[in-house]
Every structure is written in structure tokens, then in C-alpha cells.
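Have a look at the structure below, then the notes.
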Amino acid sequence: PAGSRIDFAAELNPQQHEAVTAPPGPALVIAGAGSGKTRTLTFRVAYLLENGVLPQNILLLTFTNKAAREMLDRVANLLPNDISGLWGGTFHSVGNRLLRRHPEAAGFAPGFSIMDREDQQDMLDSVIVSAGIDPKDKRFPKGEVLADVFSFAINTGRSIDDVLVEKYPHFLEFNDKIALAQKKYEEKKRAANSLDFDDLLEKTLLMLQKEPAIAERYQRQFQFVLVDEYQDTNRIQADFIDILAKLQRNVMVVGDDAQSIYSWRGANFKNILDFPKRYPGAKVYKIETNYRSAPDILDVANAAIAGNVHQFKKELVAARPAASMKPALVPLGDSNQQALFVAQRILDLREEGIELDEIAVLYRAHFHSMEVQMELTRHGIPFSITSGLRFFEQAHIKDVAAFLKFVVNPRDEVAFKRMVRLLPGIGARSAEQLWNSVSDALSRGGEVNFHQLFSPLKVPAKAARMWEQLAHTLDEIAPGGKPHPPAEMIRSVIEAVYDDYLKAKFPNYEQRREDLTTLGNFSKQYESAADFLDQLALLTSLDSEVTATNEDAEMLTLSSVHQAKGLEWKVVFVIWMADGMFPSNRSLESDEAIEEERRLFYVAVTRAKDELYLTYPNLRLNAGYGEMLQRPSRFLGEVPKELLEEWQVGGASW
Ligand code: ATP
Ligand code: MG
């Protein structure tokens with residue numbers, strides 16, 4: 001447009017430009033890895049704003065909250081506008097935001113808690129009992145399995161029976177009890193005013209379907225809906241987009257069917273292929289240039305994905321000149337040597353002037369990274385790790401958070417039990433009894449006073465002193481049930497109650513104490529405890545992206561391939577390229593599963609800009625079983641030999 005401050009034509013290729021400046025209406029950008037889909041979406045936001053669309057009228061859905069933040073930072077750099085009103089984030093965070101505005105319409109009270117996977121399992125374990133199931137009966141599925149069954153059913157829009165048939169045929173005989181457990185679970189969540197992660201989407205969607213007036217308000221507000229990584233949406237997410245975009249139909253989705261890697265969470269790549277059917281008249285844009293990877297790397301990627309039958313054929317052409325190095329195939333003796341190779345190569349790269357944050361080590365499963373982690377530590381190479389136990393999921397962090405959760409939502413049964421079980425002499429049974437009394441007292445209403453609430457209750461003698469102290473602390477941090485700012489609460493809880501426990505319970509007290517300080521510092525940006533807890537909960541989601549505490553330091557990235565989606569590095573190592581590891585053992589039986597693994601391999605390869613190392617050990621050291629021979633990944637065999645350069649490292653080829 002005239003007077004534009006951004007030179008769109010210079011920043012984008014003609015295909016990207018066409019998508020960025022598309023007229024209103026449904027649009028699909030389907031293109032391979034590294035072709036600038038995310039960039040296109042970012043510039044689309046800028047373009048809309050430049051053309052007078054208000055930030056609050058745009059909804060941007062991304063796979064992680066961090067991705068949304070980065071895109072919006074980019075837009076903020078391009079434009080002088082204040083864009084803080086723009087709605088951007090994951091499906092879950094947007095769902096949560098809508099529910100916080102209309103909790104009653106969804107059948108919850110304001111201040112509801114969000115349960116993570118562990119909380120959910122705790123609750124399910126007690127549900128099992130109330131559904132008349134003997135928890136000691138080994139034939140019956142545990143809370144963990146139930147959580148999985150319920151989640152899969154919700155995310156795919158299927159019945160419990162269907163899910164059992166497909167995923168857990170051996171539990172089919174218990175289908176009635178499982179259905180009853182689900183009913184009890186729903187009741188219990190309402191009583192505890194608590195939602196699990198799936199509820200953030202499901203309950204929001206139900207609310208929008210049931211309350212047309214509320215739905216219409218947001219359908220009017222969101223004039224433009226934009227979605228990144230659309231290939232990984234599942235049924236319920238697709239429905240969520242549809243209902244929000246229903247009125248105006250200005251929905252632009254971008255994705256790559258060849259990178260659909262979340263079917264185990266109910267994602268369905270047919271969503272992206274069917275988009276033009278669901279939105280008749282949708283414009284389809286394709287981009288065939290890859291800006292990320294050197295041509296040799298792209299050749300490997302193209303060859304890798306060619307093995308898949310079920311995909312939209314697209315051949316990527318490199319925009320970049322050739323790099324100095326061919327992608328490397330590195331066989332190694334065993335996994336220790338593999339780890340050593342990675343560490344030494346990284347030291348060399350650093351000598352060559354490549355910074356650590358330009359390097360990533362990727363793997364199929366988290367446990368594959370153990371030896372590498374040890375070797376890096378030995379060499380003093382700092383790394384951040386984006387899978388496994390995350391900062392906010394650690395026991396001591398969740399312990400402290402439980403105090404805050406309870407004062408914000410005193411109906412939160414899981415938080416209450418977690419909190420009181422920290423006291424000496426209080427186990428699961430006493431916690432249950434205490435909860436019964438507390439929830440009775442709470443149901444009588446009135447202003448919350450923790451001292452009044454706690455003092456009439458009988459606790460084991462060992463706990464008596466701390467019980468007093470606990471009630472006193474709770475009243476101090478939330479007088480009359482009104483919580484203080486989170487940073488203050490965290491400090492008081494640690495000083496008055498938790499520190500003693502921490503010292504007694506954990507050997508690495510110092511480290512954990514430091515973590516809690518980090519938590520306190522992190523919480524300072526929040527005035528309201530409820531906002532802070534929301535943030536914590538969303539960070540701990542499956543979409544989690546928060547890693548180590550020190551985000552600014554120069555660090556190497558260790559990541560599962562799943563969590564590396566959408567990201568890029570100059571140098572990428574993909575380790576454990578061995579059959580049964582990548583592709584994983586569990587996938588070997590079905591063609592569909594192998595295709596998904598192949599897409600995963602494609603995602604891994606296409607993260608690399610300049611250098612790619614594919615490594616595998618010939619031997620696997622197996623605790624208790626001695627050594628096992630390991631075959632190279634079948635995916636390596638599908639890449640023509642001449643595309644890779646085989647490295648010989650320390651007599652490993654034998
Ligand atoms: P993925 O499929 O992995 O999510 P993508 O299609 O979203 O990839 P982007 O991450 O947007 O691709 O872009 C890949 C890289 O190419 C980025 O570094 C981006 O800045 C660069 N790039 C994309 N388009 C252009 C362009 N027209 N000119 C210069 N660089 C570009
Ligand atoms: Mg992208």
C-alpha cells in the first residue's frame with residue numbers, strides 16, 4: 001500500500017507475497033520445511049495491521065507460546081503500532097483466556113485451578129476407588145492409562161469404546177467401569193473447581209457451542225484468525241478454529257503435511273489436506289523454495305520423505321548456495337563413543353567460531369540423550385534441554401505452588417492434599433480425612449479464615465506444631481482469603497513452612513533452594529497470584545518450551561525432534577539413527593506408524609542450515625543384558641549413498 005513502512009516485496013518471494021497480501025477469506029499455505037511459512041504468517045500480521053486492522057481483532061494460534069511471542073516481537077520490530085491487544089498463543093492458552101472470562105458459562109467458578117498431568121493422575125487414582133474399582137486389582141488400568149484414554153477420546157472426538165478398541169483392546173472388558181470412572185472424574189473436577197489440560201479446549205468449545213451470544217461476541221472480535229503448524233491440529237482444535245472463524249471466515253492456516261508428527265496426541269494431517277473442502281472457495285498457496293538449508297541437506301530431506309506414500313508430493317528447491325560440507329554419516333562403536341564424538345565435534349565447531357546456540361543435538365526419545373548429557377557435562381559444555389522433566393514440573397516447585405493454588409482456589413483438592421502431606425506424620429489417609437472436613441466446612445460458605453478452618457481438626461501429634469504454623473501462614477499470605485502478590489506468598493511459604501521440609505527431604509538442598517529463588521524472581525512480573533498460576537500451568541503443558549533458567553547464556557540445545565519443530569540451527573546432530581531407536585521399536589509393526597517416523601526424520605533433517613551429522617552406534621550397551629548389535633536406521637538406507645559422506649571415527653567401522 002502507498003506509504004507502507006515495510007517493503008513487503010523485498011522481504012518476501014512472489015509466492016509468499018501473494019499469501020501475505022491475500023484478500024480476506026479462507027486461505028491455506030501448504031509448503032515444505034524451511035520455505036518461510038512462519039515468516040509468511042508473521043508478515044501477514046504486519047500487513048493486516050498496516051491496513052488498519054486493530055490488534056485485538058487478530059487471533060494468532062501457534063504451537064508454543066514462545067513461538068507466538070517471537071512472531072509478535074518480530075512484528076513489533078517492523079511496526080510502530082502497540083500490538084499488545086493482539087491475541088497470540090497456543091490453543092490451550094487461548095482456551096484458558098476465554099474460560100477465565102466466562103467461567104460460569106462453562107459451569108466453573110472464577111479462580112478455577114488447572115491440573116497438570118501429575119495432578120490429573122492423582123485425582124484419577126482417587127476416582128478409581130469411587131468408581132468401585134479395587135486399585136490393587138492389577139488387571140484394571142491405572143490412573144495413567146485412564147488419563148490417556150480420556151484424552152485421546154476428547155482430542156479425536158471419539159467414544160471411549162472406540163479408543164479402547166484401537167489403543168487398549170485388553171481393557172475392553174472393563175469398558176463399563178471406565179465409563180463410570182470418567183463420569184466420576186468429571187464430577188470430581190467440578191467439585192474441586194479444577195480443569196485438566198484437555199478441558200481448556202473441550203470446555204471452551206462446549207461453552208461456545210452452547211452459548212451463541214458469547215460465541216458471537218468472539219466471532220465478531222476475531223476478524224482474522226491465523227494458525228501456524230496446522231498439520232498438527234487434532235479434531236477438537238480444528239473445531240475450535242472453525243467456531244471462532246465461523247462468521248467472517250477470514251482464516252489463514254499454514255503447514256506442511258510432511259511434518260505431521262503428533263498423531264499419538266490425536267493430530268490428523270488430513271485436516272490440512274481437507275481444509276479446502278471444509279472451507280469451499282479457500283485460496284491455496286504453495287511455496288517451493290527453501291531458504292533454510294544448504295542444497296545437500298535438502299537433497300537428503302527430499303530423499304528421506306520420498307519413501308512416504310501418503311503425502312502431497314512437493315520437491316523443495318534450495319535458495320541458498322552450496323555449503324562447504326556434505327551431510328555426514330557417522331557410525332560409531334557404541335553409545336559412549338557416539339557421545340564422545342558429539343562433544344568433541346562441538347568443541348571443534350566452537351574453535352571454528354560457531355556459537356553454541358547455533359548448534360542442536362536431536363533425538364527420537366529423551367532417554368537417548370543420557371550419555372551425551374554426561375559427556376557434555378564432563379567437557380564443560382553448557383546445554384539446555386527441552387524435554388524430560390521441566391523446571392516447573394519438579395517436585396519442590398510444585399510443592400510451593402500447591403500453597404498458592406490452595407489459597408487462590410480453596411476447593412482445589414489436589415493442591416490441598418499435596419500441601420498437607422508435606423507435614424510430618426500426614427499420609428494419604430489423613431490427607432483424605434482432613435480434606436473431607438475442610439471441604440465440608442468450606443461448603444458452608446462465608447469468609448475464608450484458615451485458622452478457623454484448620455484448628456478444630458484432629459491431626460497426628462507429630463504434625464500438630466506445623467499444622468498451626470500452616471494455618472497461620474495461609475492467613476498471612478491470604479488474609480480473608482484474598483491472596484497477596486505471588487512473590488510475597490512464595491517467600492512466606494518457604495520461610496515459614498517449606499524450608500524445613502526441603503532440608504529434611506532432599507539431599508541437593510542448595511540446588512533446590514536456588515530453583516525456588518528463581519521461581520520467586522519469575523513470579524515478580526505478576527501482580528495477581530491467579531495470573532501467575534495460569535502462567536505456570538501453561539508452561540508445564542505438553543507444549544512446554546521453557547527449559548533452563550538462564551535463557552540468555554550461550555548454550556547448546558538438546559531436544560527431542562518433536563520439540564524442535566519449527567526451529568532451526570546452523571549445525572544439527574541427529575543421534576541414535578539406529579533401527580528400533582529411530583524409527584522407534586513401537587512403530588515397526590504398522591505402515592502408518594513408520595510413515596509418521598519418517599516424517600519425524602524429515603523434520604529432524606530440515607532443522608539444519610549448514611551442517612548435518614547423522615550418527616549411530618554399532619553396539620548398544622544394555623545394562624544387565626550385555627552388548628547388543630545395532631542395525632543402522634532403515635531411513636539411512638533410503639537416502640542414496642552419494643548424498644552422504646561417511647566419516648570414519650577411531651576404528652568404529654568394523
Ligand atoms: P518449518 O516448516 O520448519 O516451520 P517454515 O516454512 O515455517 O519452516 P521459516 O521458519 O518461516 O520456514 O523460514 C525458514 C528460514 O528461511 C528462516 O530463517 C527465514 O527467515 C528464512 N526465509 C524465509 N523466507 C525468506 C525470504 N523470502 N527471504 C529470506 N529469507 C527467508
Ligand atoms: Mg514454521
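Throughout, read-outs are computed from the coordinates displayed, never taken from laboratory work. As the structure is a prediction and not an experimental result, all values here were calculated from the model. No Cβ is skipped: glycine too gets one built from the backbone with ideal geometry, and neighbour counts run over all protein chains shown.
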Charge dipole (debye, nearest 20) of the chain; +1 at Cβ of Lys and Arg, -1 at Cβ of Asp and Glu:
1300 debye
Determine ³J(HN,Hα), in whole Hz, for all residues of the stretch 166-172 in sequence, where each value follows from phi through the Karplus function 6.51 cos²θ - 1.76 cosθ + 1.60 and θ = phi - 60°; x replaces Gly and Pro.
6, 9, 9, x, 6, 9, 4
Counting just the Cα atoms, what span does the chain cover along each of its three principal axes? Round to the nearest Å and put the largest first.
78, 66, 52
For D196, which sequence-distant residues (separation of 5 or more, or a different chain) have an amide H within less than 5 Å of its own amide H, given hydrogens modelled in the peptide plane?
M115
Treating cross-link reach as a plain straight distance, find the aspartates and glutamates whose alpha-carbon is under 18 Å from the alpha-carbon of K505, omitting any fewer than eight places away in the same chain.
E393, D399, E495, E514, D515
Please list, or write none, the aspartates and glutamates whose alpha carbon is within less than 19 Å of the alpha carbon of K136, excluding same-chain residues fewer than 8 places away.
D122, D125, E144, E173, D176, E432
Here FRET efficiency (C-beta to C-beta, A76 to A428, R₀ 60 Å, nearest 0.05) is 0.75
How big is the Rg/Rh ratio for the stretch 548-607, C-alpha atoms only, Rh by Kirkwood, two decimals?
1.06
Kindly provide the helix-only [θ] at 222 nm of the chain, computed as the sum of -39,500 (n - 2.57) over DSSP H runs of four or more divided by all residues, to the nearest 500 deg cm²/dmol?
-14000 deg cm²/dmol
Among the lysines, select those whose C-alpha is under 17 Å from the C-alpha of K183, and discard any that sit fewer than 8 residues away in the same chain.
K142, K203
Given the pairs K210/K482; K313/K570; K398/K482; K189/K462, which span a C-alpha to C-alpha distance of over 23 angstrom in this model?
K210/K482; K313/K570; K189/K462
